[in-house]
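The values are calculated or read from the model by the stated rules, or taken from the named source; none is laboratory data. If you're wondering where the values come from, they're calculated on a predicted model, not measured in any experiment. Positions of Cβ are backbone-derived with ideal geometry, glycine not excepted, and every protein chain shown enters the neighbour counts. Please note that ligands, DNA and RNA were not included when accessible areas were found on the heavy atoms of the full protein model with its side chains. Shrake-Rupley method; radii C 1.70, N 1.55, O 1.52, S 1.80 Å.
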Amino acid sequence: MAKFPSWPGPLFLPSSFCAPGFSTVSPEEASLTKTMGNHELGMGRNITRRDFLNGFRVAAGAALTVPHAAWAEAFGMPAVCETGEEQSAQSGAGYYPPAKTGMRGSHDGSWEVAHAMRDGKSWPAASPVDEHYDLIVVGGGISGLAAAYFYRRQAGAKARILILDNHDDFGGHAKRNEFQCGGRLLLGYGGTQSISGPNLYSAEGQGLFRELGIEPQRFNKYHDTKFFSSRGLSRGVFFDRETFGADRLVAGVGKPAWAEFLARTPLSPPIQADIVRLYTEKIDYLPGMDRETKKIHLSRISYRDFLLHHVQLLQDALPLFQKTTYGLYGVGIDAVPAGDLAKLRSHPGFDGMDLSGPYGPGMGLEITRQDEEPYIYHFPDGNASIARMLVRALISQSAPGSSMEDIVLAKMDYARLDEAKSPVRVRLNSTVVRARNVGGGAAGDGDAANVEVTYVRDGQAHSVRGGKCVLACWNTVIPYLCPEMPQAQKDGLAYGVKVPLVYSNVVLRNRRAFEKLRISGAECLGTGFFDSVSLDFPVSMGGYRYPESAEEPCVLHMQYVPCSPGLPARDQQRAGRGLLYSTKFETFERNIREQLNRMLAPGGFDAARDIQAITVNRWPHGYAYEYNSLYDPVWEPGKAPCEIARAPFGNIHIANSDAGAFAYTNEAIDQAWRAIREILAQESPVGALRAAPRMGGAPIAADSVVRMRP
């Protein structure tokens with residue numbers, strides 16, 4: 001899942017929770033002070049937000065397969081509903097998930113069966129499906145789709161491939177949000193955001209892009225990098241009254257100088273002076289250490305502790321920095337190594353130190369596998385366009401066109417995705433609950449003749465067989481699918497905890513308030529619910545036009561990352577995951593309305609009048625876990641949990657960004673290629689060696705996909 005970029009300054013990074021020393025509260029408790037009533041906020045207005053209610057009957061029908069239906073109450077819905085037909089209507093004329101609003105991402109109906117499996121439910125009486133495939137792929141995200149693409153290219157166009165996914169749409173985290181407003185189509189990204197560092201993509205990843213027709217450099221023409229600055233708009237910071245004593249939105253972070261910027265904030269003069277010192281004075285805060293000792297020390301302390309104990313920053317200044325790492329790391333500065341941020345050059349305090357030379361121990365992949373390329377490689381729907389291009393390449397009749405431009409407005413025909421006559425089929429709303437080697441030798445050896453996969457759809461369990469299987473789902477679910485796996489492999493699969501987060505897209509009647517306040521977005525400090533508010537990327541391509549006039553409807557992107565400062569990173573992520581599953585859509589909506597009112601009212605904004613549509617993309621299992629030198633050791637090659645976890649298990653192979661512990665699209669693609677290389681090696685070692693040159697590069701070993709930037 002591609003992340004928010006590292007903005008050029010600590011207050012520019014998306015974020016989301018309160019700093020240590022301040023209260024840690026639940027979403028409902030953390031919602032901004034409710035000084036406005038529902039009517040005043042527009043909670044009862046008939047906007048485009050309630051489509052998720054229509055799908056809830058389907059989700060409740062799935063509850064018949066779980067131990068109990070108490071989860072329904074968590075979403076403010078009755079526990080008993082009639083079973084609907086929507087999930088089994090993938091081939092229906094009106095089936096079009098991108099246009100749904102309300103609660104999306106891991107939507108209701110996509111996760112209940114998997115949770116029941118986790119809690120011990122089994123499906124021993126699965127009905128066999130009269131189908132046999134050469135390859136079964138579990139997970140229809142970019143990694144699963146890329147695995148299907150790679151396999152088909154090597155095995156031939158007649159290879160039979162089944163892709164199963166538990167969501168009502170393909171793409172995994174790469175989700176497309178569509179809105180019709182003011183007589184025009186608006187697009188937003190519901191997950192995987194952009195192509196980060198395409199020049200660092202492997203030969204295989206770059207080759208895949210060439211074959212699909214994706215040329216990242218074309219975005220130099222489509223992405224108007226001067227759109228906001230030419231209108232006098234810049235990033236701002238919103239200070240809330242609960243933390244800072246007053247609601248205040250201040251534009252132009254650090255401009256014209258830090259002293260002038262801070263003078264416009266509600267911060268006290270001592271805090272202002274301390275922050276100016278941090279930004280402007282070049283001091284070696286570790287004077288008694290040599291260069292390499294500094295690197296080791298910075299890898300073992302958090303940035304928060306560095307500020308407190310070495311910089312001796314005032315405690316009350318910490319809220320300005322606590323949230324600055326949420327968009328990139330999914331945790332605050334209490335859980336991010338100071339050494340990572342020193343090399344990232346996004347946070348102050350390191351200009352007086354010599355940290356040149358090799359990386360320090362355990363340096364994160366956010367530094368070692370990124371470069372200085374501009375963060376402009378963005379489709380209007382994010383990397384959902386990559387997933388859509390992969391599906392179009394696999395099933396040519398699914399969408400018209402052949403270029404990276406025409407995919408933007410191409411209407412996907414979901415009725416063509418699971419046709420019996422097609423050699424490649426994408427079957428949605430199908431949660432896999434079992435994958436096992438059958439026939440031939442023992443369950444885990446390479447002599448098994450087939451793989452049997454059991455999935456639940458519309459409350460019914462079905463089983464299907466294939467020659468090979470790629471599990472392109474989340475690592476943590478795989479031990480439940482394959483209980484016969486060796487314990488060491490299951491431990492490796494369970495090690496990482498995915499980062500929970502929420503991407504909300506809000507359609508506004510116009511952007512007048514932003515123009516009046518001179519902002520393109522803002523980081524929200526303090527205890528506010530959402531931590532980042534941004535007008536969408538100004539990208540126009542393939543007939544899609546970014547709204548140029550301030551009078552036109554536009555898409556606003558809002559981010560929320562649930563964290564529990566003070567806990568180890570993985571414990572914070574476990575707590576945040578539970579929080580997202582239990583948070584009602586109404587809570588998100590109310591906080592969207594109240595927070596925007598408090599921020600933008602001075603610019604004439606009125607939530608009741610100006611909000612036209614809301615889509616909340618909830619991802620309790622979001623970014624892949626990336627190793628962190630505060631909590632994880634530096635493993636020898638081949639010994640990292642992700643490397644142990646991705647070993648082949650008979651005819652079952654593993655592909656996903658978790659398998660590389662790197663939350664980016666290129667990792668998802670590389671791990672897909674590794675899994676297919678393993679399959680080709682099983683079938684024919686010679687064939688495997690001949691496979692890579694067609695991608696435009698030399699063959700790669702199955703265990704050498706993860707490359708470290710020199």
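Grab the other residues whose beta carbon is less than 12 angstrom from that of Thr476, score K and R as +1, D and E as -1, and report the net. Working shown, then result.
On the way: positive: Arg118, Lys490, Lys498, Arg570, Arg574, Arg577; negative: Asp491, Asp658.
Residues near Thr476 contribute +4 overall.
Element breakdown for the stretch 259-351 at a 1.4 angstrom probe: carbon and sulfur atoms account for 51% of the accessible area.
If I stretch the segment between Leu185 and Asn220 completely, what's the gain in nm (0.36 nm per residue apart, minus their alpha carbon distance), one decimal? Numbers along the way, then the final one.
Numbers: separation 35, 0.36 × 35 = 12.60 nm, distance 2.30 nm.
So the extension gain works out to 10.3 nm.
Think of each Lys and Arg Cβ as +1 and each Asp and Glu Cβ as -1; about the Cα centre, that makes the dipole of the stretch 593-665 roughly 240 debye.
Could you sort the peptides 191-197, 326-332 by per-residue average Cβ neighbour count (10 Å cutoff), highest mean leading? Each step should come with its number before you reach the end.
On the way: 191-197: 25.0, 326-332: 26.9.
Taking the mean over residues of other Cβ atoms within 10 Å, the ranking is 326-332, 191-197.
The residues of the stretch 204-304 expose on average 48 square angstrom of accessible surface per residue, using a 1.4 Å probe on protein heavy atoms. For the pair the stretch 151-193 and the stretch 312-331, the centres of their Cα atoms are 35 angstrom apart. Taking the centroid of alpha carbons for each part, the stretch 606-645 and the stretch 245-311 are 27 Å apart. Residue by residue, the stretch 331-345 carries 3J(HN,Hα) couplings of 9, x, 5, 6, 10, 10, x, 4, x, 4, 6, 5, 6, 5, 6 Hz when phi is fed to the Karplus relation 6.51 cos²θ - 1.76 cosθ + 1.60 (θ = phi - 60°); x denotes Gly or Pro.
Taking amide H as placed 1.01 Å from N in the peptide plane, the amide H of Arg235 sits under 5 Å from that of Gly252, Val253, Ser520, each at least 5 places away or on another chain. Of the accessible area of the stretch 148-212, computed with a 1.4 Å probe over protein heavy atoms only, carbon and sulfur atoms account for 46 percent.
Between the amide H of Asn510 and those of Cys554, distances stay under 5 Å, these residues lying 5 or more places away or on another chain, with hydrogens modeled in the peptide plane.
Give me the log10 of I(q) over I(0) for the stretch 317-363 at q = 0.13, 0.16, 0.27, 0.34 Å⁻¹, as the Debye formula computes it from C-alpha points; what are the numbers? Evaluating at q = 0.13, 0.16, 0.27, 0.34 Å⁻¹ gives log10 I(q)/I(0) of -0.31, -0.46, -1.10, -1.38.
Which entries of Lys411/Lys498; Lys121/Lys639; Lys158/Lys490; Lys121/Lys158; Lys158/Lys498; Lys323/Lys498 have Cα-Cα distances beyond 25 Å here? Intermediate values should be presented prior to the final figure.
Numbers: Lys411/Lys498 32 Å; Lys121/Lys639 33 Å; Lys158/Lys490 34 Å; Lys121/Lys158 37 Å; Lys158/Lys498 36 Å; Lys323/Lys498 19 Å.
Exceeds cut-off: Lys411/Lys498; Lys121/Lys639; Lys158/Lys490; Lys121/Lys158; Lys158/Lys498.
Residues whose amide H comes within less than 5 Å of that of Glu131, counting only those at least five positions distant or on another chain, are Arg465 (H built at 1.01 Å from N in the peptide plane). Counting only Cα atoms, the size of the stretch 267-327 along its three principal axes is 37, 27, 16 Å, in decreasing order.
Legend: Rg and Dmax of the stretch 533-601, from Cα coordinates, 16.8, 48 Å. Highest average first, the peptides 252-259, 669-676, 501-508, 413-420 ordered by how many other beta carbon atoms sit within 10 Å of their residues are 669-676, 501-508, 413-420, 252-259. In order along the stretch 259-271, the phi-based Karplus estimate (6.51 cos²θ - 1.76 cosθ + 1.60, θ = phi - 60°) of 3J(HN,Hα) comes to 5, 5, 4, 5, 5, 8, 8, x, 6, 6, x, x, 5 Hz; Gly and Pro are listed as x.
Applying the Karplus relation 6.51 cos²θ - 1.76 cosθ + 1.60 with θ = phi - 60° to the stretch 641-658 yields 3J(HN,Hα) values of x, 5, 6, 5, 5, 8, 4, x, 10, x, 8, 9, 10, 10, 9, 4, 5, 4 Hz, where x marks Gly and Pro. So for the stretch 160-303, Kirkwood radius off the Cα pairs, Stokes-Einstein at 37 °C and 0.692 mPa s: how many µm² s⁻¹? Using the Kirkwood radius from Cα pairs, D works out to 153 µm²/s. Residues in the stretch 363-478 average 29 Å² of solvent-accessible surface per residue, probe 1.4 Å, ligands and nucleic acids excluded. Here the simple spin-label model places points 7 Å from the Cα toward Cβ, and for Ser230 and Lys639 these points are separated by 5.6 nm. A compact globular protein would have a Cα radius of gyration near 2.2 N^0.38 Å; the ratio found for the stretch 311-415 is 1.62. Label-to-label distance, Glu281 versus Val129, with points set 7 angstrom from Cα along the beta-carbon direction: 6.6 nm. Per residue, the accessible area of the stretch 539-659 comes to 29 Å² when a 1.4 Å probe rolls over the protein heavy atoms. Taking a point 7 Å out from the Cα of Tyr581 in the direction of its Cβ, the residues of the stretch 548-574 whose backbone N falls within less than 12 Å of it are 574.
Considering every pair of different Cα atoms, what Kirkwood radius, in Å, is found for the stretch 234-352?
15.1
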